[in-house]
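Just below is one structure, and these are the notes that go with it.
Please treat every number below as a calculation from the coordinates, not as lab data. Predicted, not measured: the structure shown is a model, and the values here were computed from it. When we count neighbours, we look across all protein chains shown, and the Cβ atoms used for this are built from the backbone with ideal geometry, even at glycine.
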Amino acid sequence: MTNNSAKPFYITTPIFYPNGKLHIGHAYAATMCDVLARMARAVGRPTYFLTGADENSLKVQKTADAEGKEVIAFLDEQAAISQQLFGQLHISYDQYIRTTDPDAHHQGVIEMWNRLDKAGDIYEGSYEGYYCVGCEGFKTEKDLINGCCPIHETPAEFLKEKNYFFKLSKYRDQIKKAIETDELLVSPEARKNEILAVLEEGLDDISFSRPYHGQKNAILVPNDPTQAIYVWGDALVNYISALGFGTAADEGFKLFWPEAIHLIGKDILRFHAAIWPGMLLSAGLSLPKKILVTGLMQSGGKKMSKSLGNVIDPQEMIDLVGPEGLRFFFAHDVPLLDDGEITRDLILASYNAHLANGIGNLTNRLLKMMISYDVQFDSMHGANTPYWNEVHGKVAEYLEHNDVTGYANYIWQGFASIDVWIQETEPFKLFKTDPEKAKGIVSEMLVKFFTLTNFAQPILPHGVPEIIKHIEVRQMPEKALYLKV
Ligand code: MSP
């Protein structure tokens, strides 16, 4: 056990743009945060897991318009669809924040704006330049290729408008120092170096508002109803508004801030590792502890795109190997901080090797021996052994390093070692000549299997309680939990 067991654990996904169906990258981010949150709960840390939807954006407005829907009705529909997918994937969020929600979010944003203003960091100006609606970001000419955003490959709009600006440049040195010293840990190292190079070049002040056009999904600038707060200036605040920042009910904020770990994709690094720390510093608040930057998932070695026909739909994968098959693949086979490779065949192979075989097959073999040789097993005792403490300590350590793949491999290597142990000792043969000895071996195997299974629950939140129940009631499952596909 580590001495960190009571340290609060706060993990966040990016809030997703609800302008289309959630794709596999979104399912991946939510699942990885979910596994980390469940690991934290499993080792006894007070945990808060936040996810949600980034609703106050122009691109959402445009999609709703194109579908001929009123924007809030469209957003309600989208939120229900996303929550349904998250439910299927067993995503155990404590809160699903929606940035159009005045109670959950707007007060925090207003408080943030007022603090920046009070610090003298908001000033009026006019913006002349480009804007990519895909990124919801202001662009310079050198960011564009033939007038198009390189990420979205769509033409950027040219804008000339009144904006309020945020004095981000003022905080460059402080942000740089915090990242250099790991006070704000940006991981992996390559991303830390990338953001440090950006900071080295200098930070410009940024536009922090846009003219307001009467849309329902916007938060107005305090004391100027002609301007709406820039969507990223509003969205980033979700990480603290969700905890009650800016309201009287801010116990969550007091408990969990600044223990935050923000898991993000590499395409939104600058927003999180430059603009967000700048806002927090200006507001007199502490910086989050960590920014974990995932790669982008690819399929067949290429970025997923509709035109290449290599887009993987999470629902199709769930239909193929079940929600836990997909969760397992993400946790075990896609390194968190790298570009991961995902194909239908890889998912299928991993499922069959580790869930149908692996834990699935092992459950059957052990249960069968336990029942037919009448081996007694007490789960109270099983949760109170030196081995249990050892695995508990290892899980806490993997959690400390946010090493989901390492953790998944550790647990599944444990299962594999029980398979080897069965092969080597052959209790089914031994039982015929020395039943007491065979029973003793199976009993030891059960202690190990029970412990590993318990700590596999962050990955298999549905299957593990089922397996444990069958051990406790000493019954074979009617049909295998993880059927071979
Ligand atoms: N709304 C913003 C985030 C605001 S956070 C205050 C946003 N939303 S998004 O829906 O476009 O993207 C959400 C996350 O999904 C990003 O972290 C992005 O990197 C991630 N992914 C998008 N495509 C992905 C893959 N192909 N693979 C892995 N993650 C992917 O940005």
30 Å Cα-Cα threshold exceeded, pairs from Lys69/Lys167; Lys167/Lys254; Lys167/Lys303; Lys368/Lys484; Lys7/Lys484; Lys59/Lys254: Lys69/Lys167; Lys167/Lys303; Lys7/Lys484; Lys59/Lys254
Cysteines without a disulfide-compatible neighbour (Cβ-Cβ under 4.7 Å), the chain: Cys33, Cys148
Length gained when the stretch Asp267-Lys170 is fully extended (0.36 nm per residue, less Cα-Cα span): 32.5 nm
In degrees, nearest ten, helix 404-425 long axis to first principal axis of the chain (Cα): 10 degrees
Over segment 145-300: Kirkwood hydrodynamic radius from C-alpha pairwise inverse distances, Å: 17.2 Å
Descending principal axes extents, the chain, alpha-carbon based, whole Å: 89, 48, 39
Segment 37-168, dipole about Cα centre (Lys/Arg Cβ +1, Asp/Glu Cβ -1), debye to the nearest 20: 560 debye
Pairwise label distance in nanometres, Lys177 with Leu308, each label 7 Å out on the Cα-Cβ vector: 4.3 nm
Dipole magnitude of segment 204-306 about its Cα centre (Cβ charges: Lys, Arg +1; Asp, Glu -1), debye to nearest 20: 600 debye
In nm, spacing of pseudo-spin labels at Ala66 and His90 (7 Å Cα→C-beta vector): 3.6 nm
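Among DSSP beta bridges whose residues both lie in the chain, state the antiparallel percentage, nearest 5.
Approximately 55 percent, going by the DSSP bridge assignments.
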Which of Gln83, Leu22, Met32, positive extreme of dipole for segment 1-91 (C-beta unit charges): Met32
Burial order of peptide ranges 54-65, 414-425 (average beta-carbon count within 10 Å, highest first): 54-65, 414-425
Residue-span extension gain [Asp419 to Glu390] - 0.36 nm each, minus C-alpha spacing: 8.4 nm
Within the chain: Cβ-based charge dipole about Cα centre, in debye rounded to nearest 20 (Lys, Arg +1; Asp, Glu -1): 680 debye
Cα centroid separation, segment 5-51 to segment 94-164 (Å): 25 Å
Positive-end extreme of charge dipole, segment 326-485 - chosen from Leu399, Leu336, Tyr373 (charges on Cβ): Tyr373
Contour minus Cα-Cα distance for Ser372 and Ala249 (0.36 nm per residue): 38.6 nm
Glu341/Thr433 FRET efficiency (R0 41 Å; Cβ-Cβ; nearest 0.05): 0.25
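Listed highest first by mean packing, meaning other Cβ atoms within 10 Å per residue, what order do 372-382, 435-445 come in?
Taking the mean over residues of other Cβ atoms within 10 Å, the ranking is 435-445, 372-382.
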Residue among Pro323, Gly300, Val420 farthest towards the positive dipole end of segment 298-421, charges placed on Cβ: Gly300
Projected label distance in nm at Ile468 and Asp143, using a 7 Å step from Cα toward the beta-carbon: 4.8 nm
Helix-only CD estimate at 222 nm, as mean residue ellipticity for the chain, using -39500 (n - 2.57) per DSSP H run (n ≥ 4): -14000 deg cm²/dmol
The chain: angle of helix 463-473 to the longest principal axis, Cα-based, in degrees nearest 10: 30 degrees
Mean-position separation - Cα centroids, segment 376-397 and segment 409-434, in angstrom: 19 Å
